[in-house]
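Below: one structure, written as structure tokens.
The values are calculated or read from the model by the stated rules, or taken from the named source; none is laboratory data. From a predicted model like this one, the values you see are computed outputs, not experimental measurements. Cβ placement follows ideal geometry from the backbone for every residue including glycine, while neighbour counts extend to all protein chains displayed. Keep in mind that these areas ignore ligands, DNA and RNA; they rest on the heavy atoms of the full protein, side chains included. Shrake-Rupley method; radii C 1.70, N 1.55, O 1.52, S 1.80 Å.
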Amino acid sequence: MEISKELVDLLKVLQTKRCVCLLAPSFVVDFKYPKIIKTLKQLGFSKVSELTFAAKIINTEYKKQLKKTKKPIICTNCPSLVKTIENKYPEYKEYLANIASPMVVMGRFIKKHFKEKNTCVFVGPCITKKIEALENKKDIDYAITFKELKQMIDYAKKNKLLLDTKENQTTDFDKYYNDYTKIYPLAGAVAETMHAKEILSKNQTLCCQGPENIEKTLKKINKNTKFVDALFCHGGCVGGPGIISKKSIKKKENKVRKYRKDCKKIKIGQNLGKQKYATEISLKRN
Ligand code: SF4
């Protein structure tokens, strides 16, 4: 398979600079855990973090804002959804949360938390994240899809460019990740992982997936609505255009849920992130 010059150049960056991979948890649909962590380090990444830590921080911020406001809040994790509302349904713009996405929050955290200067590379299922990365250049340096990651891995294997040093043998996520937000890429998972029953009941939440359902969902907003948990793609990010797998949404969803269940049982990692590590990070959307 052909590989673009941009990806070849990115591979050079990975192997010459300190780069941190911001891995979206939907990776389990296309890659095996924990093997992917080793492969990413062989590609040249110095560290591999999972966006699940940013998801945990974001959940707390949503809870805080839900307690404060009487207005409905539309979740802004999905850039395609935000752009659709801004461009097609501007009358609902006032409900969009002023909270950055997990990709941006994780980039801010890494740039601030680690002493060394790091290049942040988002790897996920989403094409619109490329635009979001350009709009948040200070926080995110590159955004690539799982399809592109696979092309890079194949190219590096074929050209014997995979690194193999002792330091690269680790199979654990670097700082940080979180367990329960591993299902964040699924439709309705923000409300599910927020653990906010005391302030948000089921009938105060509207969940939406798929572009054809956005308008219908927005029209359902009424004085009882507190939270709109909406993602643009069918099934959420597991249905994103940067995913390789052609399996059904149900099968992809099962993989993500199994990944969370297995990780909770195994407790492989030592780098579970705590909320207090991220108190100085701005969570606002640009
Ligand atoms: S739902 Fe689709 S468009 Fe939205 S963030 Fe996920 S992959 Fe991207």
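Going by what's in this entry, would LYS250 be described as farther than 20 Å from ILE73 by Cα, of a type in the set (Lys, Arg) and in a helix (DSSP H, G or I)?
Values: farther than 20 Å from ILE73 by Cα: yes; of a type in the set (Lys, Arg): yes; in a helix (DSSP H, G or I): yes.
Yes; evaluated as a whole, the condition is true for this residue.
Can we say THR217 is under 16 Å from LEU81 (Cα atoms), open to solvent by less than 70 Å² (accessible area, probe 1.4 Å), of a type in the set (Ser, Thr, Tyr) and part of a helix (DSSP H, G or I)? Reasoning before the result, please.
Working: under 16 Å from LEU81 (Cα atoms): yes; open to solvent by less than 70 Å² (accessible area, probe 1.4 Å): yes; of a type in the set (Ser, Thr, Tyr): yes; part of a helix (DSSP H, G or I): yes.
So THR217 fits the description; yes.
Which residue pairs have Cβ atoms closer than 8 Å, lie 6 or more positions apart in sequence or on different chains, and pair a first residue in segment 236-250 that is more than 8 Å from the ligand (Cβ to nearest atom) with a second residue that is part of a loop (DSSP other than H, G, I, E, B) and modelled with pLDDT under 95?
none
Can you pull out every residue in segment 189-205 that is touching a strand residue (DSSP E or B) at 6+ places or on another chain (Cβ under 6 Å) and at pLDDT 95 or above?
VAL190, THR205
So, in segment 83-101, of the ones that are open to solvent by less than 10 Å² (accessible area, probe 1.4 Å) and hydrophobic (A, V, I, L, M, F, W, C), which residue ends up nearest to the chain's Cα centre (by Cα)? Break it down into steps so the answer makes sense when it comes.
Step one: list which residues in segment 83-101 are open to solvent by less than 10 Å² (accessible area, probe 1.4 Å), which gives 85, 97, 99-101.
Filter again for hydrophobic (A, V, I, L, M, F, W, C), leaving 85, 97, 99-100.
Working: ILE85: 20, ALA97: 17, ILE99: 14, ALA100: 11 Å.
Per the stated criteria, the residue is ALA100.
I'd like the full set of residues that are acidic (Asp, Glu) and touching a Lys or Arg at 6+ places or on another chain (Cβ under 9 Å), limited to segment 84-121. Explain how you work it out, then say what you get.
So the first thing to find is which residues in segment 84-121 are acidic (Asp, Glu), and the list is 86, 91, 94, 116.
Scanning segment 84-121 gives GLU86, GLU94, GLU116.
Do we find that THR52 is more than 16 Å from the ligand (Cβ to nearest atom) and buried (at least 17 other Cβ atoms within 10 Å of the Cβ) in this structure? Don't jump to the end; show me each part of the working.
Working: more than 16 Å from the ligand (Cβ to nearest atom): no; buried (at least 17 other Cβ atoms within 10 Å of the Cβ): yes.
Spelling it out, it is not the case that THR52 is more than 16 Å from the ligand (Cβ to nearest atom) and buried (at least 17 other Cβ atoms within 10 Å of the Cβ).
Cβ-Cβ distance below 6 Å, separation of 6 or more or different chains: which pairs start in segment 60-86 with a residue that is farther than 24 Å from ASN178 by Cα and end on one that is open to solvent by less than 40 Å² (accessible area, probe 1.4 Å) and within 12 Å of the ligand (Cβ to nearest atom)?
SER80/THR128; LEU81/ALA230; VAL82/THR76; THR84/ILE214
If you go through segment 174-193 one residue at a time, do you hit one that is in contact with a helix residue (DSSP H, G or I) (Cβ under 9 Å, 6 or more places away or on another chain), loosely packed, with under 13 Cβ neighbours inside 10 Å and of a type outside the set (Gly, Ala, Ser)? Spell out how you get there, then give the answer.
First pass over segment 174-193, keeping only residues in contact with a helix residue (DSSP H, G or I) (Cβ under 9 Å, 6 or more places away or on another chain): 174-187, 189-193.
When the remaining residues are screened for being loosely packed, with under 13 Cβ neighbours inside 10 Å, the result is none.
Taking every residue of segment 174-193 in turn, none turns out to be in contact with a helix residue (DSSP H, G or I) (Cβ under 9 Å, 6 or more places away or on another chain), loosely packed, with under 13 Cβ neighbours inside 10 Å and of a type outside the set (Gly, Ala, Ser).
Please determine, by comparing only the residues of segment 115-147 that are open to solvent by less than 80 Å² (accessible area, probe 1.4 Å), part of a loop (DSSP other than H, G, I, E, B) and not aliphatic (A, V, I, L, M), which one is nearest to the ligand (Cβ to nearest atom).
CYS126
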